[in-house]
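Read through the structure below, which is laid out as structure tokens, and then see the notes.
Read-outs throughout are calculated quantities, based only on the coordinates presented, and are distinct from any laboratory measurement. Note that the structure is a prediction, hence the values are computed from the model and not measured. With ideal geometry, Cβ positions are generated from the backbone for all residues, glycine too; neighbour counts draw on all protein chains shown.
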Amino acid sequence: MKNKAFVSILEIIAVIIILIVAFSIFSPGFFYQNRWEQAFISLKGRDLVLTLDRIGNLYQYSFDERFLRDFLDKMVPTNLTNLIHWSRVQGTIKPKITVACACTKEQRDALINWIGRLKINGRNIDFDIVSSGLDPIYDTSDVLLIWGDQKLDDFKIKTNIQNYARANKGIVEIRDFDGQGDLDDVQKNIFGIDRCDRVFPGKCGIGGTTEISFEPKPDSATRKTYTSFKYFHSIPLPISTTNEVPSFNSGQLSSCTSPPNVINEGVVEIRDVRHKFWICNGETKSVYFDTEGNPDEADIIAVNGDKFTIDNQELLLRYIESNVIGISFESGYMFTNFLDGGTKLYPKDEDQSRILLSKGTYTNTQNPIPASIVNDDVSRVAWVSDFTKDLTKVGDDHKMLLVALMLWTSDKRYVSGLSNLRLGHLTSYVNVNNIDMYEVYRFDLGLGFPF
Amino acid sequence: MKAQLSFEYYFALIIFVMFVSSLFLKLITFFPFYSAEIENQRLRSEAYQISELLINDVGYPGNWYEVYESELEKVKRLGLSDGGKNKTNLISMDKATAFNDLCQSSLPLGYDKVLELLDVKDGFWVLLTNDKVDSPEILIGCSPNEFSSKIRTNITRIIAFDDGSFGQLRVSVWK
């Protein structure tokens, strides 16, 4: 009997424990969960982006984190709202492009000297040019520049280049292929080019044309050459002046009324000819150009937005600053020949629309002789014939071509720095600007509660 | 002996009563909080709707800010959106000024007329500030002379003005 009672008590204790546990499981404390916090963040994000757009500052703030932070600190101060914010831009040229230059020191120094700060649609774009080998490649760069004859068929180098392209970064190659054997795998599979006589055996004679033009012209925005074509013709190339002069020979033109010591002299080199220009910093800024190659004598005056012609090529004066001008090349621009006679290439897949620049057509065919071919099968890559054989004779048109190719190929994705928030919301907005060129990009504004 | 209830029976009964009581107590204590939250939700929703109406609606007629002084009966609805540009989150400065004048009016209109034109049943308060300047400038301050309440919710919206400045619209609703 004694033992029986003891067992009952044990059972009761066990039942009590089980029941307490069951109560706590089946009858948890009631609570009401609203989603107002999520709605609040979503609404704030939408209001902020729309307000930025309506006051006309969205484009500027998209690319200048400092201004954006000041605005957000004013409208959603973290100390009052506990909100933190971040932003990113996708689908357009970054404000700073890092170029990994697989080149000699002289080439790198020349490149730094050629390309200054670009000004596109009112914002600045800077190039950071760093030396890089091909094993390893400087992988935090946005574009790899392979300059001159370099051995690319080594397994490790080939793998590095493939991995670089797979990471959605761009590659530009400046090289001639005269007197060499078959092209290597990198040229064939990444750049998508091959020797003309392998694509069209016996149809690769060179004709008499001596100029290089943007043919075939991209007839739609979906063409692979369209973006680099657009960049070449839309983006102003900054040309700095070299020295100040007290006066200059304005020939038949009205003389510059600029006060002394504020006339800046520079040189624009178009189609292998150097033309002097003078910035007249008078009441209205104007630029005097020597377009006829008479040294030291101006023959036209241009103001902001004026078109002018040098050597039958139409140019547009985009902006004038005290010691720098921005010019862009109008449609129909033709380069003097820089294609090496032995470099007879063609797109491996016979796709003419990948040819950005050509020098006429192969004899008795309609096939253009390519001077530059682009490809976007893996990532954006471009080959261009070597216009830099003499580094001191590279013209402003060549520089602009290189800039256009590097901008098109460069990586256009931004990496967001924030994650693991307690609660966050990303507001996306597609914005458009069209001062120098039509630019469409996605702006993302993130708001979140860290705790 | 047979008619007597066993210890186990009493024990089970006690457990049952405890269970029911705890459930009941929980419900009793939760109910006021629940009903307050439901009311809060309704007020938040109303505050949001008022803010949307003010920010993104031009009002009726669209030029109400020009006619309200002489022909108030023609004004059916208030809205601050700039009708000319017809963009979301863009407020007309003229309408903001007219809204404030209407609300501050000493005629038998003022705040009550604003409530009527916005079809607001509960108490509400609107504050519109221009924040572009260093110290925010109040463009609309529309509230009753006295107000007190238990439940109150606020919503703050960020907006742009048609003169290129920006600010905040704060709508507070209570019951």
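Give me the distance between the Cα centres of region B:121-175 and region A:343-398, rounded to whole Å. Between the Cα centres of region B:121-175 and region A:343-398 lies a distance of 62 Å.
Within the protein assembly as shown, antiparallel bridges make up roughly 80 percent of the DSSP beta bridges whose residues both belong there.
Under 5 Å between amide hydrogens, built in the peptide plane, is the criterion, and for A:GLU314 it picks out A:GLU330 among residues at least 5 positions away or on other chains.
Shown is the FRET efficiency for A:GLN252 and A:GLU106, computed with R0 = 25 Å from the Cβ-Cβ distance and rounded to the nearest 0.05: 0.05. Each Lys or Arg adds one and each Asp or Glu subtracts one; over the other residues with Cβ under 15 Å from the Cβ of B:PHE30, this totals -1. Count charges around A:ILE279 for me, please; just the other residues with Cβ under 15 Å from its Cβ, Lys/Arg as +1, Asp/Glu as -1. Overall, the nearby charge balance is -3.
Near A:VAL172, the amide H atoms lying under 5 Å from its own belong to A:LEU144, A:LEU145, A:ILE146, A:ALA382; only residues 5 or more places off or on other chains count, and H is placed 1.01 Å from N.
Restricting to Cα pairs below 8 Å that are 6+ residues apart, what does the relative contact order work out to for chain A? Please round to a whole percent.
Values: 873 pairs, mean separation 98.4, N = 451.
Answer for chain A is 22 percent.
Only lysine pairs 8 or more places apart, or on different chains, with alpha-carbon atoms under 20 angstrom apart are counted in region B:33-174, and they number 12.
Restricting to DSSP loop positions (anything but H, G, I, E, B) with no more than 13 other Cβ atoms inside 10 Å of their own Cβ, which trypsin sites (Lys or Arg not before Pro) remain in region A:23-109?
On the way: sites: A:ARG35, A:LYS44, A:ARG46, A:ARG54, A:ARG66, A:ARG69, A:LYS74, A:ARG88, A:LYS96, A:LYS105, A:ARG108; in loops: A:ARG35.
Sparse-neighbourhood loop trypsin sites (Lys or Arg not before Pro): A:ARG35.
Using a cutoff of 8 angstrom between alpha carbon atoms and counting only pairs six or more residues apart, the relative contact order for chain B works out to 21 percent. Between the amide H of A:ILE327 and those of A:LEU237, A:ILE239, A:ARG318, distances stay under 5 Å, these residues lying 5 or more places away or on another chain, with hydrogens modeled in the peptide plane. Here A:LYS276 is the anchor, and the aspartates and glutamates within straight C-alpha reach of less than 17 Å, apart from those fewer than 8 places off in the same chain, are A:GLU244, A:GLU265, A:ASP290, A:GLU292, A:ASP296, A:GLU297, A:ASP299, A:ASP311, A:GLU314, A:GLU321, A:ASP396, A:ASP397. Span-like helix check, chain A: qualifying full DSSP H segments, with Cα axial length of 30 Å or more and mean Kyte-Doolittle of -0.5 or more, are A:2-26.
Of the residues A:ASN264, B:ASN89, A:HIS398, the one whose Cα sits farthest toward the positive end of the charge dipole of the protein assembly as shown, with +1 on the Cβ of Lys and Arg and -1 on the Cβ of Asp and Glu, is B:ASN89. Summing charges over neighbours of B:SER45, with a neighbour being any other residue whose Cβ is under 11 Å away from its Cβ, gives -1 when K and R count +1 and D and E count -1. With a cut-off of 19 Å on the backbone N, the residues of region A:39-55 near the modelled label site 7 Å out from A:LEU421 along Cα-Cβ are A:39-53. Working from label points 7 Å from Cα in the Cα-to-Cβ sense, the B:SER35 to B:VAL17 distance is 2.9 nm.
Let a ≥ b ≥ c be the square roots of the eigenvalues of the Cα gyration tensor of the protein assembly as shown; is it rounded (a/c under 1.5), or, if not, prolate (a/b larger than b/c) or oblate? Oblate, since a/c reaches 1.5 and b/c is not below a/b. Here the relative contact order of region A:234-329, from alpha carbon pairs under 8 Å that lie six or more residues apart, stands at 27 percent.
Under 15 Å of direct C-alpha separation, and excluding same-chain neighbours fewer than eight residues apart, A:LYS224 reaches these aspartates and glutamates: A:GLU215, A:ASP349, A:GLU350, A:ASP351, A:ASP376, A:ASP377.
Which FRET efficiency value, to the nearest 0.05, do you get for A:THR222 and B:GLU116 by plugging their Cβ-Cβ distance into 1/(1 + (r/R0)^6) with R0 = 60 Å? Mind showing how you got there, number by number?
Working: r = 56 Å, r/R0 = 0.94.
With R0 = 60 Å, the Cβ-Cβ based efficiency is 0.60.
Past the 20 Å Cα-Cα mark, which pairs from A:LYS230/A:LYS412; A:LYS94/A:LYS348; A:LYS156/A:LYS188; A:LYS94/A:LYS169; A:LYS158/A:LYS359; A:LYS169/A:LYS393?
Values: A:LYS230/A:LYS412 16 Å; A:LYS94/A:LYS348 31 Å; A:LYS156/A:LYS188 17 Å; A:LYS94/A:LYS169 13 Å; A:LYS158/A:LYS359 30 Å; A:LYS169/A:LYS393 29 Å.
The pairs that break the limit, which is 20 Å between Cα atoms, are A:LYS94/A:LYS348; A:LYS158/A:LYS359; A:LYS169/A:LYS393.
For peptide B:88-99, the mean count of partner chain Cβ atoms within 10 Å of a residue's Cβ comes to 2. With the charge dipole of region A:1-109 set up from +1 on Lys and Arg Cβ and -1 on Asp and Glu Cβ about the Cα centre, the Cα lying farthest toward the positive end among the listed residues A:ILE12, A:ILE97, A:LEU68 is that of A:ILE12.
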